[in-house]
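J.: Handing you this structure, nothing more for now.
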Amino acid sequence: MKITTPYYLIDKSKLLRNMKKIAYLRERSGAKVLLALKCFASWSIFGFMYDFMDGTTSSSLFELRLGYEKFGKETHAYSVAWANHEIDAAIHYADKVIFNSISQVRRFQHKTRLIPCGLRLNPEISSSAFHLADPVCPFSRLGEKDPEKVKEVIHHINGFMIHNNCENSNFSLFNKMLDEIEKKFSNLFSMVEWISLGGGIHFTGGNYPLDAFADRLKKFSETYGVTIYLEPGEASISNSTTLEVTVLDSFNNGKNIAIIDSSVEAHMLDLLIYRENARLSLKVGPHETLVCGKSCLAGDIFGIFFLSEKLKIDDRLSIQDAGGYTIVKKNWFNGLAMPAIVIKELDGMIRLIRTFDYKDYMTSLS
């Protein structure tokens, strides 16, 4: 099937590699694994992921409802701050409601008496290399730091959520930080039934010591008598999705320029936010090339690449690892065509799931 670019291509055979590692981890460690919808929420693929994961975790009411309606299984409902008009709906859709602060626990305790509740803890250590994404940066609003203050509301909660990893592929660092977390909060851990260690742990990576990770989780679970949850986003879908694009123009203005029918700002925003290069599956060579988006933003650049051949008009490119924080962040900047959603089945068949047109653009506005 020939599909007009740009489009996101979700490859089930590549996704399956991550799912098998998740299934193995669940079996060996006893941990439960929830898909983090803030990273990836393409619900047309949820049926494929269903047997490998325990449910979903969310950061808003809309994500919570999507997980409830489209994935099923267990739904965790976290929000940095729940509004008065949201809490009843959150309780309806959630299996667990997780609060960000003691203030929110107290504010809604009369509403949440009949549902398991959790509280986010801030361990004041993290693996983040980006200030923007560091949950324990100075004056962080994310979670509670003081164990003594948490004890004051312990009778209103039965679990904790700790999210302090960010693109952490280093098991030794994970293990060291968990040791420090235990030193700070261990007295609280034995008072609850479950603990989520959040996401940002790249345990599906090729060289990650999965057995050691599983054993560490199991030891933690047995030490405190708690059920462990993980909330992988990128680890669930890493290297499963590409952004398929076409070269629209090619010229030299002192450097080789290739303009493609996509945009960093609109279709892969995290590359712009974190000043990162996209990845291309092309042979390396002497031709330095700027691959640029077609928006009017001067900095709409996917990256600088050294290629074996100069790019030509109508060349097709596959931008790699384009699943996490892309489809959920795509936007209508410049009114550019929104990439379609396409799934590649295990037998190689290409299935067009969704296209977007002018009406979608128009109705997203007012």
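The values are calculated or read from the model by the stated rules, or taken from the named source; none is laboratory data. Note that this is a predicted model, so its numbers are computed, not measured. Cβ atoms come from the backbone with ideal geometry, glycine included; neighbour counts cover every protein chain shown. Each accessible area value is taken on the protein alone, full model and side chains, heavy atoms only, with ligands, DNA and RNA left out. Shrake-Rupley method; radii C 1.70, N 1.55, O 1.52, S 1.80 Å.
J.: Please give the net charge around residue 64, taking every other residue with its beta carbon less than 12 angstrom from that of residue 64, where Lys and Arg add +1 and Asp and Glu add -1.
T.: That sum, taken over residues with Cβ under 12 Å, equals -1.
J.: Keeping to pairs on different chains or 8 or more places apart, tell me how many lysine pairs in the range 179-259 have Cα atoms under 26 Å apart.
T.: For the range 179-259, qualifying lysine pairs total 4.
J.: Counting alpha carbon pairs within less than 8 Å and at least 6 residues apart, what relative contact order, in whole percent, applies to the range 289-348?
T.: Rounded, it is 25 percent for the range 289-348.
J.: With the full set of protein chains in place, find how many percent of the accessible area of the range 151-257 is carbon and sulfur; take the probe as 1.4 Å.
T.: Reported share for carbon and sulfur atoms: 44 percent.
J.: Can you classify the range 42-89 as rounded, prolate or oblate using the Cα gyration tensor, where a ≥ b ≥ c are the square roots of its eigenvalues, rounded means a/c under 1.5, and otherwise it's prolate if a/b beats b/c and oblate if not?
T.: Here the range 42-89 falls in the prolate category.
J.: Out of all DSSP beta bridges in the chain, what portion is antiparallel? Express it as a percent rounded to 5.
T.: Of all bridge pairs located within the chain, approximately 40 percent are antiparallel.
J.: On a 0 to 90 degree scale, rounded to 10, what angle separates helix 12-29 from the longest Cα axis of the chain?
T.: 20 degrees
J.: Related question: Whole number in Å², please: accessible area per residue of the chain, 1.4 Å probe, ligands, DNA and RNA not counted.
T.: 47 Å²
J.: Using a Gaussian network model on the chain with a 10 Å cutoff between Cα atoms, which of 317, 119, 34 fluctuates the most?
T.: Result: 317 has the largest fluctuation of those listed.
J.: Need one number for the range 220-313: average projected area of the convex hull over its C-alpha atoms, nm².
T.: Projected over every direction and averaged, the Cα hull of the range 220-313 covers 8.7 nm².
J.: Could I ask something else about it? Once neighbouring chains are kept in place and the probe is 1.4 Å, which whole percent of the accessible area of the range 13-53 is contributed by carbon and sulfur?
T.: Carbon plus sulfur share of accessible area: 50 percent.
J.: Could you tell me the center-to-center distance, by alpha carbons, between the range 38-117 and the range 305-342 in angstrom?
T.: After rounding, the separation between the Cα centres reads 31 Å.
J.: Would you mind checking the tilt of helix 171-189 against the longest principal axis of the Cα atoms of the chain, expressed as 0 to 90 degrees and rounded to 10?
T.: The answer is roughly 30 degrees.
J.: Grab the other residues whose beta carbon is less than 14 angstrom from that of residue 11, score K and R as +1, D and E as -1, and report the net.
T.: It works out to a net charge of +1.
J.: Ignoring ligands, DNA and RNA, what percent of the 1.4 Å accessible area of the range 55-119 is carbon and sulfur?
T.: 51 percent
J.: Could you tell me which of rounded, prolate or oblate describes the range 39-142, using a ≥ b ≥ c as the square roots of the eigenvalues of the alpha-carbon gyration tensor, with rounded for a/c under 1.5 and, failing that, prolate when a/b is larger than b/c and oblate otherwise?
T.: oblate
J.: In whole angstrom, and with the biggest value first, how far do the Cα coordinates of the chain range along each principal axis?
T.: 65, 47, 44
J.: Among 1-13, 226-238, how do they line up by average Cβ neighbours within 10 Å per residue, starting with the highest?
T.: Per-residue Cβ counts within 10 Å, averaged per peptide and sorted highest first, yield 226-238, 1-13.
J.: Right, something else. What's the local net charge at residue 153, with K and R +1, D and E -1, over the other residues with C-beta under 12 Å away?
T.: 0
J.: Which angle between 0 and 90 degrees, to the nearest 10, do you get for helix 210-224 versus the longest principal axis of the chain when only C-alpha atoms count?
T.: 20 degrees
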